[in-house]
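One structure is given below, encoded as structure tokens.
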Amino acid sequence: MEFIKVLFISFLLVIWWIAAWGIVELIIQQFIQGSARKAVMTYSFMLLFVITVLYFNPGVLEHFV
């Protein structure tokens, strides 16, 4: 029974990830409008944002380690 529960939760997480990815991709495509420079700047900002959050709140990673 535990295995089924883990599979179901995993399935939900995959569906959530696909939906979140799609929404972010749609927003980014509207913003960059085919500009490679805007795309690089947008993705760089996203990476910088994640790095900054992890730098100031390293406890977030403890859940995954």
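Where a number appears in this text, it was derived from the coordinates with a stated rule and is not lab data. In this text, all values refer to a predicted model and were calculated from it rather than measured experimentally.
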(message) Rounded to whole Å, give me the distance from the Cα center of region 35-62 to that of region 1-16.
(response) 28 Å
(message) Just to check I understand the Karplus step: with θ = phi - 60° and J = 6.51 cos²θ - 1.76 cosθ + 1.60, what whole-Hz values come out for region 35-50, glycine and proline as x?
(response) 8, 5, 5, 5, 5, 4, 5, 5, 5, 5, 4, 4, 4, 4, 4, 5
(message) Please list, in order along region 16-24, the HN-Hα scalar couplings obtained from phi with the Karplus expression 6.51 cos²θ - 1.76 cosθ + 1.60 (θ = phi - 60°), rounded to whole Hz, x for Gly and Pro.
(response) 4, 4, 4, 5, 5, 4, x, 5, 4
(request) For region 52-61, take each phi angle, set θ = phi - 60°, evaluate the Karplus expression 6.51 cos²θ - 1.76 cosθ + 1.60, and give the result in whole Hz per residue in order, putting x for glycine and proline. (result) 5, 4, 5, 5, 7, 9, x, x, 4, 6
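At 222 nm, what helix-only mean residue ellipticity would the chain give, in deg cm²/dmol to the nearest 500, using -39500 (n - 2.57) for each DSSP H run of four or more? The partial results should precede the final answer.
On the way: 2 runs with 52 residues, N = 65.
Taking each H run of at least 4 residues, the total per residue is -28500 deg cm²/dmol.
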